[in-house]
Structure formats: C-alpha cells, structure tokens
Amino acid sequence: MANVDTVKKVRDFVTPFEEFGYEVSNGWIPICEKVEEKIEEYNKSHSDAPIEIFQIKSKFGELRVYLMDATTGDDIHTPEELKPFIEEVEKEARETCEWCGSKEDVHTSSYRGWIRTLCDPCNDELRSR
Ligand SMILES: [Zn+2]
C-alpha cells in the first residue's frame, strides 16, 4: 500500500481539506474529528481502496462531507458501509449549535443571507451584533 506522502506526490492538487481543514465553526469540530477517525478506521480494513476527505464544511447550516479516492483523487460517492455513519453525523450536526456545540434549543435559520444551525443564545447573540 502506498503511503500518504507518495499518494500526495502522485496527485497534482491540494484538497480543500488539506488546505483549510475543517471548514466549520467550533461547535462542530468534535463531529468533524469523529468523521476523520471513522475514515482512518475504514481505511484500515480497505487498504486496497483507501478513501480520503476531500472537503468537510458547513453549507446552508448542514454538515457536508465530500470524499475522494485517496489514490487517484477522483470524487466518490459515500461507500455503502459508511452511509449510516455519515447520515448519523449529518443528523447530529443538525441538532448541534455550530458555534458552541450545545444540543439545547438548536434551530437552523437564515439571517442576512447566511443559513446557520445555532442554539437560541447564540442566535440571540448573532442578531444583537
Ligand atoms: Zn450555541
């Protein structure tokens, strides 16, 4: 199995994940860490076809995880085996404040053109700025 450094030399681009890491606010970082750990675990049992995070971000108040073939850099759909996990973390994100990580009174709403998932106190703070 090629190690990651070798793969990076073969690929001719840098992924958003390599460049920016988790493109989310603090409250969702633990969820992103969980995704990264899960991918590492998946690769241990799929060393013949490893995958990699292409980008992980908050978009329209939802967590989006984009994966790619770690060897070729091609976009891939979420492998069947990982679908329940990804659905679970997406659901968790919808119920977690993007800013503070609270699970209480969390809602997704739009403010000044940005859709965010925030708890009531963080929403109040946003709107009082
Ligand atoms: Zn909050």
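Laboratory data are not the source of any read-out in this text; all were calculated from the coordinates shown. Please read all numbers here as calculations on a predicted model, not as lab measurements. Glycine gets a Cβ as well: all are built from the backbone with ideal geometry, and neighbour counts include every protein chain shown.
Basic side chains Lys and Arg get +1 at the Cβ, acidic Asp and Glu get -1 at the Cβ, and with that the dipole of the chain about its Cα centre reaches some 460 debye. A dipole drawn for region 4-96 from +1 and -1 charges on Cβ atoms has a positive end, and of ALA93, GLN55, ASN26 the residue lying farthest that way is ASN26. Kirkwood radius and radius of gyration were both taken over the C-alpha atoms of the chain, and their ratio Rg/Rh is 1.04. Within the straight-line cut-off of under 16 Å between alpha carbons, the aspartates and glutamates reachable from LYS59 are GLU23, GLU87, GLU90, GLU92, GLU95, GLU98, sequence neighbours fewer than 8 places apart in one chain being disregarded. With the helix formula -39500 (n - 2.57) applied to DSSP H stretches of n ≥ 4, the chain reaches a computed 222 nm mean residue ellipticity of -11000 deg cm²/dmol. Would you work out which of PRO84, VAL14, LEU67 lies farthest towards the positive end of the dipole of the chain? Charges go on Cβ: Lys and Arg +1, Asp and Glu -1. Comparing the listed Cα positions along the dipole, VAL14 ranks first.
Highest mean first, how do 57-63, 11-17 rank when packing is the count of other Cβ atoms within 10 Å averaged over residues?
Numbers: 57-63: 16.4, 11-17: 13.4.
Descending packing order for the listed peptides: 57-63, 11-17.
The simple spin-label model puts a point 7 Å past each Cα toward its Cβ; for LYS34 and ASP74 those points are separated by 3.1 nm.
Here the peptides 85-91, 41-47 are ranked by packing, the mean other Cβ count within 10 Å, and the order with the highest first is 85-91, 41-47. For the chain, modelled as a GNM whose springs connect Cα atoms under 10 angstrom apart, the maximal fluctuation among LEU67, LEU82, LEU118 occurs at LEU82.
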